[in-house]
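The values are calculated or read from the model by the stated rules, or taken from the named source; none is laboratory data. Predicted, not measured: the structure shown is a model, and the values here were computed from it.
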Amino acid sequence: MYDLLLRLSDPVPTDNAVKAGWTAFAVFLLLIVAVALLGWSFSRQLKKVAAAKAAGRYDESDKKN
């Protein structure tokens with residue numbers, strides 16, 4: 001059964017037929033930029049939370065353990 005599925009499926013491309021293009025490289029770069037921006041934003045938000053906690057804006061009595 002597995003042999004039949006292999007024969008009916010598309011043939012495996014050769015090494016010369018497969019290449020990475022500029023579009024994939026651009027998507028990869030955009031993903032790197034997106035992760036960097038998300039990390040920067042997350043860092044800023046954590047700093048805001050730490051400052052609010054230091055200012056006493058959170059009620060510690062409601063904290064669940």
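What do you reckon, is Leu4 at pLDDT 80 or above and either under 16 Å from the mean Cα position of the chain (by Cα) or part of a helix (DSSP H, G or I) (or both)?
no
Inspect all residues belonging to the stretch 55-65 and state whether any of them is in a helix (DSSP H, G or I) and among the hydrophobic types (A, V, I, L, M, F, W, C).
No; the residues of the stretch 55-65 include none that is in a helix (DSSP H, G or I) and among the hydrophobic types (A, V, I, L, M, F, W, C).
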